[in-house]
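Participant: Here it is, the structure, as structure tokens.
The values are calculated or read from the model by the stated rules, or taken from the named source; none is laboratory data. Note that the structure is a prediction, hence the values are computed from the model and not measured. Heads up, the Cβs are rebuilt from the backbone with ideal geometry, glycines too, and the neighbour counts pull from every protein chain shown.
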Amino acid sequence: MKKLVALALTGVMMVTLAACGETAAPAAGGAAEAPAAEESAPAGDAAEAEAPAEAGEAAEAPAGDLDALIAAAKEEGELVVYGSCEEEYLAAACEHFEELYGIKVQYQRLSTGEVQSKIEEENGNPSGDVWFGVTTDPYNVAASEGLLEPYEAQNASHLMGDMYRDKDGCWYGIYKGILGFMVNRDELERMKVDAPKDWADLTDPKYKGLIWLSNYNTAGTAKLVVNTMIQKYGHDEGIQYLVDLDKNVEVYTKSGSGPSKNVGTGECVVGIGFLHDGITQIEDNGYGNIDLIIPSSGTSFEIGATAIFKGAKHPNAAKLWIEYALSPDCVELGAQNGSYQFLVIDNAKQPEVAAEFGLDPDNVMDYDFEDAKENTTKYVEEVMNALGSAADDRFQTE
């Protein structure tokens, strides 16, 4: 009798999945295509005009039953990932998920600002299923707008603390990165300029034209800089600091890792960003002329995260992705693919190279995530208004 009931329930699930398969399937290529590269459009783009799935239309696995979740995710057969981490890590994570579960993954690398704008425009009918990588400030904005789907992940039990997750399960942390400076030692010596030791040093006129920072409109890293300065100096003083800093900034890059990629060549002499990106340039690209600097008066940190988009076309595969992202199977791929962030789950092996460079994941300021969640958008607008006409050309995005 139990077998008959199980078979009947399985038949209902398969019929339900078949009924919603038309809206879940990508418009181009199908399951036989290789995962999309950064410049390739995700398969869900053609489905943007379709109506979102009705509540309860997808047959979802029972809460807490991982085996049932895997089976339901395999029935869906596909997953679309928007990644804001580095391309190599994103590709490795997506390809390994596909190997483990036989679920076709299509992925696209976008900055956090691009993902945020995209899901805001799609407004609950997203062309992607999950978001992977980079600082939580944009995730918090999306959560406050109701654009992320809460999910209580089983593997969240391995997180090192409650600070590494959204209290409602809208996002989960996977790594931690420290904000600081990367400098080209050779260029500073050639110009007879001392390396900056703290945030206040960066506004000294001697650094005019030497500093690169990411774009406040497009990069989660830059949004973290805005919040850090306001929390560190106070609202008005923090905004004024960024106005003063702007006088010395030569380039604002679209991506948060942009400055780090140009320090070794000397095109950028002082880059502001996450220090693990500097480690990548030293370790993987051979730039031994880069020094990493932790600001002496203190700095902040990112929690790199992952989340499910509200209205995801493949909800079970998306939930399985969250479980996977909170496992060593996923996070240990970072250090194997040039991403040396500290990991925030207790059963994963930390990248030893980060500690070798003197980075301490606990030597950071008490960052106010709630203030950032409520005010990041407003703060960025205030900074851009304070910069005025100075922002007209240098902050243009494609």
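Participant: If the requirement is being of a type in the set (Gly, Ala, Ser) and surrounded by 21 or more Cβ atoms within 10 Å (Cβ to Cβ), which of these qualifies: GLY133, GLY124?
Facilitator: The unique qualifying residue is GLY133.
Participant: Hand me the list of helices (runs of 4 or more DSSP H) wholly inside the range 318-397 holding 3 or more residues that are modelled with pLDDT of 90 or more and more than 20 Å from the chain's Cα centre (by Cα).
Facilitator: By residue number, 369-387.
Participant: Would you be able to say whether some residue in the range 262-271 is in a loop (DSSP other than H, G, I, E, B) and under 30 Å from LYS167 (Cα atoms)?
Facilitator: No: zero hits.
Participant: Next question. Residue under question is GLY311, and the condition is that it be assigned by TED's automatic domain parsing to the domain that holds THR377 and touching a residue at least 40 places away in the same chain (Cβ under 8 Å); does it hold?
Facilitator: no
Participant: If you don't mind, there's one more thing I want to ask. Name the residue, out of ASP67, ASP137, that is in a helix (DSSP H, G or I), in contact with a helix residue (DSSP H, G or I) (Cβ under 6 Å, 6 or more places away or on another chain) and either at pLDDT 95 or above or assigned by TED's automatic domain parsing to the domain that holds VAL344 (or both).
Facilitator: ASP137
Participant: With respect to GLY358, is the statement that it is at positive phi and either surrounded by 14 or more Cβ atoms within 10 Å (Cβ to Cβ) or in contact with a Cys (Cβ under 8 Å, 6 or more places away or on another chain) (or both) true?
Facilitator: When the stated conditions are applied, GLY358 does not pass them.
Participant: So GLY278 ticks every box in (1) surrounded by fewer than 23 Cβ atoms within 10 Å (Cβ to Cβ); (2) touching a residue at least 24 places away in the same chain (Cβ under 8 Å) but one. Which box is left unticked?
Facilitator: Of everything listed in (1) surrounded by fewer than 23 Cβ atoms within 10 Å (Cβ to Cβ); (2) touching a residue at least 24 places away in the same chain (Cβ under 8 Å), GLY278 misses just condition (1).
Participant: Mind listing whichever residues of the range 295-308 are surrounded by 19 or more Cβ atoms within 10 Å (Cβ to Cβ) and over 30 Å from TRP321 (Cβ atoms)?
Facilitator: PRO295, THR299, listed by residue number.
Here's the yes/no breakdown for (1) in a helix (DSSP H, G or I); (2) exposed (fewer than 14 other Cβ atoms within 10 Å of the Cβ); (3) aromatic (Phe, Trp, Tyr); (4) touching a residue at least 12 places away in the same chain (Cβ under 8 Å):
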| position | (1), (2), (3), (4) |
| --- | --- |
| TYR151 | no, no, yes, yes |
| SER157 | yes, yes, no, no |
| GLY169 | no, no, no, yes |
| ILE174 | no, no, no, yes |
| VAL183 | no, no, no, yes |
| VAL193 | no, no, no, yes |
